[in-house]
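See structure below.
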Amino acid sequence: MSGHDVRARRWPLRLMRTAAVLVLLDTLAQAALAGLFVTGDLDLLTWHSANADVLTALTFVQTAAAALVWRRLGGPLWPAAASLVLAVLVGVQQGLGETRVLAGHVPLGMGIFGLATALACWAWTFTASPRPAGLPRRAPVEVTE
């Protein structure tokens, strides 16, 4: 397999890295919008609410990208599962925000930021070597005594 073929097959990892950075940056933007709203700029609550929809969409893109890294590149399953958990948490976060349950909304936002950071760090440190088409994900392990 040529170097170009290997790079061409790594597109799921490039997608994961891009999505993870966008999720992290948008999570930071959410925190900034919330902070500015608290300082008295009431118009930013509308921006904060609208941006929550963007963050939700980005977390689903990240989940799909992490699943592709797992399936196509033989990466670990946990980033796909963690990305799905992140998408669910962002949905819960939206619900808490819309109902003004700030006692849950603010701490959950901190957790979301932490998980988004962990996934972005993983995406940029993971290295993949795509397996040739037709090979199974993992070879069976034979135990001999």
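Worth a mention:
- Approximate spin-label separation W78-F113, in nm, with each point projected 7 Å along Cα-to-Cβ: 2.4
- Binned Cα-Cα distances of region 3-125, short to long, each 5 Å bin given as a whole percent: 2, 12, 21, 22, 15, 11, 8, 5, 3, 1, 0
- Formal net charge of residues neighbouring G109 (Cβ-Cβ distance under 15 Å; K, R +1; D, E -1): -1
Laboratory data are not the source of any read-out in this text; all were calculated from the coordinates shown. Predicted model, so just to flag it, every value in this text is computed and none were measured. Positions of Cβ are generated from backbone atoms using ideal geometry, with glycine treated the same way; all protein chains shown enter the neighbour counts.
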